Amino acid sequence: MPRPYRRTAVTLLAALTLAATTALTTSSAATGFAPAPPPNPYAGPAGTATMHGDTGSSDTAPLAGPGAGALSSSRTALASACPTVLAGADGYPVALCTPIFGQVPTVHLLDPDDGSSLAELALTKGSLLGGVYAYIGHRDADGGWQLSVDSKLSLASVIADGDAVTGLSPDWQGRVWFATGNGVVGTADDTAGTVRSVALPAGERVANSISTAPQGTAVTTTHATYLLTAAADGTPKVIWRKPYDRGTARKPGLLSWGSGSTPTFFGPGTGTEYVTIVDNADDAAHLEVYRTSDGSEVCRIPVLAAAGGPGSENSPVAVGRSVFVAGTYGYPYPAVPEGAGDSVPASADFTGGLTRVDVDADGAGCATVWDNTLRSAAVPKLSTADGLLRTVLRDPLVPGTRGTSLLDPYRYAEIDPATGTVVRAARVGVGALYDTLQMAGTVTPDGAYLQGTVTGVLRVTAG
């Protein structure tokens, strides 16, 4: 049945989406994975508000994915790589895409029934491959389909020429935090028209997005992880800093020399007691877990050992006491950001790997629950409603090998988080047009799974 004909406005800041208050009431199933970080009152619905689901970047969703029945898929061709697919409380998906030609980030409003683009709006380039990170907030208005800018606030007073915003997120006071590629962290108050910032140590770059929780804002640079809060006038101040092992060079399958993680808040009590990242140590990738309160270390534990690939560009999935890490070592990205530097070695086979680590019940350490060789080609998402971990797998063209080719097949997969085994899967395509490029998928309110690809958006449904 056709949906109501109406216009949707997306609110924008600093060339990326800025959220208005939007709420979605969901019930949490007893899946054993809880609690997720608390919903941010200044962001959209939990699970679909950011690339990583929520402002805590848990990569979880309180929504069930495709239900019973045969799986089917379709692809919306947008001639763009679409790293971020979001959805508002009305169920309308919004994709942030970077066109192959020009790399001008563009917002697409998608039809929830068939995935087609209803309207689009070009934005200003960000610092990571044109524009990657965003969060959602949109409202309904009478009239035809249209995307528009509700308000703007210039950041020129604190961002130097040649620098640009990498990631942003609202805090619990309604300020918008941002971080730039060159390590400027700031807040923007659209109501007051003020921008405040602080420069992190010289040489530290921000290559991934940032995360917010009631305790503060987490930023991981190419050298360290920070927790910051803001003074009364919005000026950021560092609460703690934790350096990590960044290794001696960028690795193949990573986009910067350092951690590939957007820092993730999680915990068994409030959902934000801990912050976690994956380091870039030469010998192995390690999951590092810190206490949010003071930055003290809970654990540092090797991950992705079964696959033998010491690197991850993906943010950890985390909820309750459990953390899931997907490996990207050797992933054949068609391009890397300017200034990323050469990788050492110059190339490698895509090893993949998926590991689950649990924090001990007493919070004194961590232990590996399982470790496998699945080759996730996307950022996995965990549904707390149906208890499944979802991703797209890139299978080798020749079974039993590790190499990649332009003819590799891609599979949508549902994984049992208790064991790490695939419980349902379906091929979604073969070849470069279906490359999911380690981008994040999203479960929408109607149960569809939307996944960005190098050329558009993949839509998986059932029944």
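The values are calculated or read from the model by the stated rules, or taken from the named source; none is laboratory data. Remember, it's a predicted structure, so these values are computed and weren't measured experimentally. All Cβ positions, glycine included, derive from the backbone under ideal geometry; neighbour counts span all protein chains shown. We work out accessible area using only protein heavy atoms, side chains counted, and drop any ligands, DNA or RNA first. Shrake-Rupley method; radii C 1.70, N 1.55, O 1.52, S 1.80 Å.
List of remarks:
- Once backbone amide H atoms are built at 1.01 Å from N, CYS299 has VAL289 as its partners under 5 Å, excluding neighbours fewer than 5 places away on the same chain.
- Taking N as its residue count, the alpha carbon Rg of the range 360-463 over 2.2 N^0.38 Å: 1.16
- Contour excess over end-to-end distance, with Cα ends at ALA77 and ALA160 and 0.36 nm allotted per residue: 26.3 nm
- Here the accessible area is traced with a 1.4 Å probe on the protein chains. For the range 274-409, carbon and sulfur cover 53 percent of it.
- Computed in the context of the full set of protein chains, the accessible area of the range 40-118 at 1.4 Å probe radius has 60% of its extent on carbon or sulfur.
- Note on the range 329-413: percent of Cα-Cα distances in each 10 Å bin, starting at 0 and stopping at the bin with the largest distance, equals 14, 36, 31, 17, 2.
- The range 346-463, relative contact order [Cα under 8 Å, separation at least 6], %: 19 percent
- The orientation-averaged projected area of the convex hull spanned by the Cα atoms of the chain comes to 19.5 nm².
- Average projection, convex hull of the Cα set of the range 291-334: 4.3 square nanometres.
- Positive end of the dipole of the chain (Cβ unit charges, origin at the Cα centre): among PRO345, VAL325, VAL195, the Cα lying farthest that way belongs to PRO345.
- Heavy atoms of the protein chains alone define the surface here; on that basis the chain has 35 Å² accessible area per residue at 1.4 Å probe size.
- Using C-alpha pairs under 8 Å with a sequence gap of at least 6, the mean separation divided by the residue count of the range 168-304 gives a relative contact order of 16 percent.
- Partner aspartates and glutamates for LYS251 [C-alpha distance under 13 Å; skip if fewer than 8 residues away on the same chain]: ASP279, ASP282, ASP283, GLU313, ASP342, ASP349
- Relative contact order, percent, the chain [alpha-carbon distance under 8 Å, six or more residues apart]: 17 percent
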